[in-house]
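Accompanying notes for the structure given below.
Read the figures in this text as sums done on the coordinates, not as results from a lab. In this text, all values refer to a predicted model and were calculated from it rather than measured experimentally. Neighbour counts run over all protein chains shown; Cβ positions are idealised from the backbone, glycine included.
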Amino acid sequence: MRIAIASDHAALELKAALADWLRGEGHAVADLGPDSPASVDYPDYGYKLAAAIAAGEAERGIALCGSGIGISIAVNRNPAARCALVSEPLSARLAREHNDANVIAMGARLIGVEMAKACVTEFLATGFGGDRHQRRVDKLTTPTL
């Protein structure tokens, strides 16, 4: 699978660990930065990740920052991205199954490497449930208010 991954400075180590692990699992990984521990702004990297998803450069994305909250908000500003903040495998599975999430966000200050790997494993292995969920997902792209 083609996976894009991006973070801010707070999640640099988690990003590197996940990118290496994913490559070892046979995935094509695009590391969208940053490349150093210097302070950066998470919206810049969230927008970059969402643009890669929107352009079809990656099938799935992983967004990381200190809490996962800020970068998830940034990713979700792009209508082509559906980013879910997850902290354990069940939320990662449900994000795919019910919401057709194409990006997950995690907080490096809140989750360890092994739990992050477990979340990514569920996220990549789970398909979209369709059926009753499809009409709800459609409304995420085209609001009916």
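Odds and ends about this structure:
- From the C-alpha gyration tensor of the chain, square roots of 5λ in Å: 23, 17, 14
- Efficiency of FRET from Cβ geometry, residue 36 and residue 59, R₀ 25 Å, rounded to 0.05: 0.35
- Taking other residues whose beta carbon is less than 15 angstrom from the beta carbon of residue 69, and scoring Lys, Arg as +1 and Asp, Glu as -1, yields 0.
- Sites residue 69 and residue 90 - FRET efficiency at Förster radius 22 Å, r taken between beta-carbons, to 0.05: 0.70
- Counted by neighbouring Cβ atoms within 10 Å, the residues 128, 123 run from fewest to most as 128, 123.
- Local electrostatic count, residue 46, Cβ distance below 10 Å [Lys/Arg +1, Asp/Glu -1]: -1
- Take every pair of alpha-carbon atoms less than 8 Å apart whose residues are at least six positions apart; their mean separation over the length of the range 2-141 yields a relative contact order of 24 percent.
- For the chain, the longest principal axis of the Cα atoms and the long axis of helix 42-54 meet at an angle of about 50 degrees.
- Our helix-only sum for the chain, with -39,500 (n - 2.57) per DSSP H run of n ≥ 4 divided by its residues, gives a mean residue ellipticity at 222 nm of -14000 deg cm²/dmol.
- Amide N of the range 1-40 lying under 19 Å from the label point, which is placed 7 angstrom from the Cα of residue 125 along Cα→Cβ: 1-3, 18-19, 21-28
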